[in-house]
Structures are given as structure tokens and as C-alpha cells.
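S.K.: One structure follows; several queries about it will come next.
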Amino acid sequence: AEPLANSVQISIGGVAATASFTGLVSPGLYQFNVTVPNLPNGDAAVLAAIGGVTTQTGVSVTVQQ
């Protein structure tokens, strides 16, 4: 896997998430290893920004503690 040249900002539920790895694992396939912040149970929106470009909206992850 190759680390990305540009920094990546990831938020889950509007809270910044810490990424331990962001990279290109195969042509066109990116991998982000992220620690989910402490959030209340339920669906949380996931957004990533790379080089000023933001991912699509409407993507979520379900949080259950």
C-alpha cells in the first residue's frame, strides 16, 4: 500500500476522527484506517476531504456502544 501525498481529514458525526493509515491499496481503491470518536448510539455521517475535495454526503456508519 502507498501512503497518500495529500493529507486527509475525516469526520464521523461531525467530530474529527483520527486516521492511523490513509493510502492507495490498489488502482482506484483507497483504504482509511480510522478510530471512531466517542459518539452517541445511532447513525453518524462520514465525510472525508482530500486535497480540498470532499466525499459525497449521505454515507453513514452505525455507532453502538
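The values are calculated or read from the model by the stated rules, or taken from the named source; none is laboratory data. Every value quoted in this text rests on a predicted model; they were computed, and no experiment measured them. Backbone-built Cβ (ideal geometry, glycine too); neighbour counts: all protein chains shown. Note: areas computed on protein heavy atoms with side chains; ligands, DNA, RNA excluded. Shrake-Rupley method; radii C 1.70, N 1.55, O 1.52, S 1.80 Å.
S.K.: What are the residue pairs meeting all of these: first residue in region 16-31, first residue closer than 15 Å to THR55 by Cα, second residue exposed (fewer than 10 other Cβ atoms within 10 Å of the Cβ), Cβ atoms under 8 Å, and 6 or more apart or on different chains?
M.R.: The qualifying pairs are THR22/PRO3.
S.K.: Would you check which residues across region 1-31 are part of a strand (DSSP E or B) and of a type in the set (Gly, Ala, Ser) and list them?
M.R.: Of everything in region 1-31, those that are part of a strand (DSSP E or B) and of a type in the set (Gly, Ala, Ser) turn out to be SER11, ALA16, ALA17, ALA19, SER20, GLY23, SER26.
S.K.: For region 13-30, how many residues are surrounded by fewer than 12 Cβ atoms within 10 Å (Cβ to Cβ) and in contact with a Gly (Cβ under 9 Å, 6 or more places away or on another chain)?
M.R.: Counting residues in region 13-30 that are surrounded by fewer than 12 Cβ atoms within 10 Å (Cβ to Cβ) and in contact with a Gly (Cβ under 9 Å, 6 or more places away or on another chain) gives 0.
S.K.: Could you check region 48-65 and list, in sequence order, the residues that are open to solvent by 60 Å² or more (accessible area, probe 1.4 Å) and assigned to a strand (DSSP E or B)?
M.R.: VAL53, THR54, SER60, THR62, listed by residue number.
S.K.: So, one more: Which residues, taken from region 31-47, are within 22 Å of SER7 (Cα to Cα), surrounded by 15 or more Cβ atoms within 10 Å (Cβ to Cβ) and either of a type outside the set (Phe, Trp, Tyr) or in contact with a Lys or Arg (Cβ under 7 Å, 6 or more places away or on another chain) (or both)?
M.R.: VAL34, VAL36, PRO37, VAL46, LEU47
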